[in-house]
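The values are calculated or read from the model by the stated rules, or taken from the named source; none is laboratory data. Note that the structure is predicted; figures quoted are calculated from it, not measured. Don't worry about glycine lacking a Cβ; one is built from the backbone with ideal geometry, like all the others, and counts go over all protein chains shown. Quick note on the areas: whole protein, heavy atoms, side chains included, nothing else; ligands and nucleic acids left out. Shrake-Rupley method; radii C 1.70, N 1.55, O 1.52, S 1.80 Å.
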Amino acid sequence: VMTNRWLALPLFALIMCGVYYISMQGVGGWATGLMEAFVKSVQNAAAGFFTSLGTARWLISLIVDGLISGVGAVLTFVPQLVVLFLFLALLEDCGYMARIAFIMDRIFRRFGLSGKSFIPLLVASGCGVPGIMTCRTIESEKDRKITIMVTTFVPCGAKIPIISLIAGLLFHRSAWVAISVYFVGIMMVVLSGVILKKTRFFASEPAPFVMEMPSYHLPNAKNVAKHVWDDLRAFVVKAGTIILLACGIIWFLSNFSWNLAMAEAGDSMLASIGGFLAPLFAPLGFGHWQPAVATLTGIAAKENIVS
């Protein structure tokens with residue numbers, strides 16, 4: 001039934017819709033609300049504690065508004081990621097994802113790619129870096145290069161907080177936004193693959209795809225827990241290192257002017273940097289300094305855009 005010519009894709013779409021709905025709006029959405037309340041209480045407690053010690057105003061602002069607020073904004077999405085990683089690990093461990101690779105081979109072949117290209121795309125839903133590294137298993141050099149180029153269209157764990165932010169701010173926490181982005185990402189992979197295959201540089205016959213179908217079985221709790229823990233640990237470590245450092249830098253740039261005097265956000269170093277870059281983003285519809293700066297911070301880590 002799961003690999004049926006007519007039922008396989010609708011079932012896959014239905015399963016992924018369910019996964020994203022529960023992750024974004026169901027259990028994940030409820031838990032995210034609790035995490036937001038927790039981060040807010042930590043902010044208030046820290047502000048009260050440092051004020052009672054007579055700490056300098058700028059240092060309180062750095063700790064509360066810069067570090068705790070910035071990292072906390074990213075960590076509020078941890079519950080959603082836990083639910084999402086859990087479902088993906090269950091689907092992979094029970095033997096279902098191998099069948100999806102088989103189904104996708106039939107579709108990808110029509111667009112000039114083999115089913116082997118789907119494995120990196122699947123891995124990239126957790127993180128883009130190992131997804132790109134998985135492309136080494138593709139024998140055809142041209143297919144490998146195309147897959148590397150299109151893999152980044154798949155929404156990974158780092159993009160989920162940004163998708164959630166957009167869904168929450170612009171679409172009233174709609175789970176359909178996350179689901180739509182996921183399938184638009186797959187459509188972009190197919191469309192880009194077709195375009196690249198039509199160019200002379202990448203034109204070639206798709207490589208044969210042979211894989212063993214594992215039997216369906218109950219997921220192993222240890223394997224599932226390891227998958228979830230590895231993905232979640234990578235996210236939290238990034239939040240505690242790269243994002244923490246970036247939040248400190250962003251706070252400094254947004255609270256001080258070029259003469260190193262404390263200033264309002266509109267008169268800060270960050271505002272002038274963003275104002276200089278804003279015209280580059282004007283064709284995309286956000287020619288203001290704030291979104292220009294947010295986009296720039298995503299170079300260090302995608303999740304930075306949230307903070």
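For segment 211-276, report the translational diffusion coefficient in µm²/s to the nearest whole number, using Stokes-Einstein at 4 °C, 1.567 mPa s, and a Kirkwood Rh over Cα pairs. Please report the intermediate quantities before stating the final value.
On the way: Rh = 15.6 Å.
Using the Kirkwood radius from Cα pairs, D works out to 83 µm²/s.
Pick from 195, 103, 160 the residue whose mean-square fluctuation is largest in a GNM of the chain, springs joining Cα atoms under 10 Å.
Among 195, 103, 160, the largest GNM mean-square fluctuation belongs to 195.
So for segment 92-198, averaging the separation of alpha carbon pairs under 8 Å that are six or more residues apart and normalising by length, what relative contact order in percent results?
Numbers: 117 pairs, mean separation 25.1, N = 107.
Answer for segment 92-198 is 23 percent.
With each run of n ≥ 4 DSSP H residues scored as -39500 (n - 2.57), what mean residue ellipticity at 222 nm is computed for the chain after dividing by its residue count and rounding to the nearest 500 deg cm²/dmol? Before the final figure, lay out the partial values.
Working: 15 runs with 197 residues, N = 307.
Helix-only estimate at 222 nm: -20500 deg cm²/dmol.
At a threshold of 8 angstrom on Cα-Cα distance, excluding pairs fewer than six apart, so keeping six or more, what relative contact order does the chain reach in percent? Walk me through the numbers on the way to the answer.
Details: 388 pairs, mean separation 63.4, N = 307.
Result for the chain is 21 percent.
At 1.4 Å probe size, with every protein chain present, just tell me what the per residue accessible area of segment 151-252 comes to in Å².
Details: 6200 Å² over 102 residues.
Each residue of segment 151-252 exposes 61 Å² on average to a 1.4 Å probe.
Mean separation of Cα pairs under 8 Å and 6+ residues apart, divided by the residue count of segment 1-128: what relative contact order is that in percent? Don't jump to the answer; show the numbers that get you there.
Numbers: 83 pairs, mean separation 37.4, N = 128.
Normalised by residue count, the contact order of segment 1-128 is 29 percent.
State the label only: which of [x] 89, 39, 31; [y] 82, 81, 31; [z] 68, 46, 33 corresponds to Cα extents along the principal axes in Å computed from the shown model?
Only one listed value fits the structure, namely [z].
Within the chain, which is the longest segment that contains none of the GluC sites (Glu not before Pro) sitting in a DSSP loop with at most 16 other Cβ atoms within 10 Å?
Numbers: sites that count: 139, 212, 264.
For GluC sites (Glu not before Pro) (loop position, at most 16 other Cβ atoms within 10 Å), the longest site-free span of the chain is 1-138.
Would you work out what percent of the accessible area of the chain, with all protein chains in place, is carbon or sulfur (probe 1.4 Å)?
Working: 11520 of 16350 Å².
Answer for the chain is 70 percent, counting heavy atoms of protein chains only.
Apply the membrane-span-like helix rule to the chain: whole DSSP H runs, Cα extent along the own long axis of at least 27 Å, mean Kyte-Doolittle hydropathy at least -1.0. List the helices found. Intermediate results must be reported in sequence, preceding the final value.
On the way: long enough: 27-52 (38 Å, 0.61); 175-198 (35 Å, 1.84).
The qualifying helices are 27-52, 175-198.
Taking R0 as 35 Å, what's the FRET efficiency between residue 49 and residue 272 from their Cβ-Cβ distance, rounded to 0.05? Walk me through the numbers on the way to the answer.
Values: r = 34 Å, r/R0 = 0.97.
That pair, residue 49 with residue 272, gives E of 0.55.
Might you tell me the accessible area per residue for segment 1-89, computed with a 1.4 Å probe and given in Å²? Don't skip to the end; give the middle numbers.
Numbers: 4530 Å² over 89 residues.
With all protein chains present, segment 1-89 gives 51 Å² per residue.
Considering only 235, 201, 276, give the residue with the highest GNM mean-square fluctuation for the chain, with springs between Cα atoms whenever their separation is below 10 Å.
Of 235, 201, 276, the Gaussian network model singles out 201 as fluctuating most.
Connecting C-alpha atoms closer than 10 Å in a GNM of the chain, tell me which of 282, 167, 246 has the biggest fluctuation.
282
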